[in-house]
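Let me begin by presenting the structure, written as structure tokens, before commenting on it.
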Amino acid sequence: INGNEHGVEHVHVLFRDGREAFIEVESLAIRSMEISERELAEQLVWIQANQHTLLTEWKKWNPAK
């Protein structure tokens, strides 16, 4: 989670090879043309299991203006 973000609550998933995906925390929608849902299966399970914490952190780092 980064600060000063805009749009819907999301997390960044970075792969060692430099590829990146943005995943919406609530809907688990993937925003990436480079990474498939299959490649993100483990991360999606983790994000879903930690949605409440991630949403709390998002609000902490991106307070409403």
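The values are calculated or read from the model by the stated rules, or taken from the named source; none is laboratory data. What you see is a predicted model, and the numbers here were worked out from it, not measured in a lab. Neighbour counts are summed over all protein chains in view; Cβ atoms, including those assigned to glycine, are modelled from backbone coordinates with ideal geometry. Please note that ligands, DNA and RNA were not included when accessible areas were found on the heavy atoms of the full protein model with its side chains. Shrake-Rupley method; radii C 1.70, N 1.55, O 1.52, S 1.80 Å.
Data for the structure
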read-out	value
Apportionment of accessible area to carbon and sulfur, the stretch 21-65, percent (1.4 Å)	56
Label point distance in nm, residue 42-residue 57, each placed 7 Å from Cα along Cα→Cβ	1.7
Volume in Å³ per residue [convex hull over Cα atoms, computed for the chain]	86
Candidates 14, 28, 55, ranked by Gaussian network fluctuation over the chain, Cα under 10 Å, top entry	14
Accessible area per residue, Å², the chain with all protein chains present, probe 1.4 Å	75
